[in-house]
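Novice: Dropping the structure in here first, questions after.
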Amino acid sequence: MENWTIRRADVRDANGLSRCFDAAYAQYAARIDDLPPMSENCAEEIAKYLVWVAEAGGTIVGGLVLVPSDGFLLLANVAVHPTNRGAGLGRRLLTLAETEAVDRGYAEMRLNTHADMAENIRHYARKGWSRMSQEGKKVTMRKELPRS
């Protein structure tokens, strides 16, 4: 049973979203010394891009950032707070991202991840994403979407 709700973010969510991203990426930051900051500029992202938050009990426990690009929709960030892992929230946020992409007429999504996040790369591959390229530690993946 879902104990969270998902809604479009507004600028008042920036601090909570930033805390959620920090908590979600803490496991990686502890072992990856060149991990880029994932929680910077949340207010700017909310103002400029397509951003959703998942709330449980008034606390932000998940977030999704999508960036429209020429020919594809970029999955810039998707994260779930560690206290809510395993409840299906990550899957729900990815489904929302794909639905949003199709509804906006995109036939492709892309994402960037860190080469040292092998578990994430495997996870995305199981979800139909394929590796496009790698520059240094930045791995770019893509997913073709069904036409609406």
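Every number in this text was worked out from the coordinates using simple rules, so none of it is lab data. Note that this is a predicted model, so its numbers are computed, not measured. Note: ideal-geometry Cβ built from the backbone for every residue, glycine included; neighbour counts use all protein chains shown.
Novice: Report ³J(HN,Hα) in whole Hz for each residue of the range 134-147, in order, from the Karplus equation J = 6.51 cos²θ - 1.76 cosθ + 1.60 where θ = phi - 60°; Gly and Pro get x.
Specialist: 9, 10, x, 8, 8, 9, 9, 10, 9, 9, 7, 10, x, 6
Novice: Report, ordered by chain and residue number, the aspartates and glutamates lying within cross-link reach of K48, taken as a straight Cα distance under 15 Å and ignoring same-chain residues fewer than 8 apart.
Specialist: Result set, ordered by chain and number: D10, D13, E40.
Novice: What's the magnitude of the charge dipole for the chain around its Cα centre, counting Lys and Arg as +1 and Asp and Glu as -1 at the beta-carbon? Answer in Debye, nearest 20.
Specialist: So the magnitude is around 460 debye.
Novice: In nm, what is the difference between 0.36 nm times the number of residues separating Y28 and N15 and their Cα-Cα distance?
Specialist: Contour length minus Cα-Cα distance gives 2.6 nm.
Novice: Positive end of the dipole of the chain, charges at C-beta (+1 Lys, Arg; -1 Asp, Glu), about the Cα centre: which of A101, H81, F21 has its Cα farthest in that direction?
Specialist: Of the options given, the answer is A101.
Novice: Next up: Got a sec to turn the phi values of the range 91-99 into Karplus ³J(HN,Hα) couplings, 6.51 cos²θ - 1.76 cosθ + 1.60 with θ = phi - 60°, whole Hz, x for Gly and Pro?
Specialist: Whole-Hz 3J(HN,Hα) from phi for the range 91-99: 4, 5, 5, 5, 4, 4, 4, 5, 4.
Novice: Can you pull the semi-axes for the chain, root of five times each eigenvalue of the Cα gyration tensor, sorted largest first, whole Å?
Specialist: That gives 22, 19, 15 Å for the three semi-axes.
Novice: Which whole-Hz ³J(HN,Hα) couplings does the range 41-52 yield from phi under the Karplus relation 6.51 cos²θ - 1.76 cosθ + 1.60, θ = phi - 60°, glycine and proline marked x?
Specialist: So the J values, rounded to whole Hz, are 6, 4, 4, 5, 5, 4, 6, 9, 10, 9, 10, 10.
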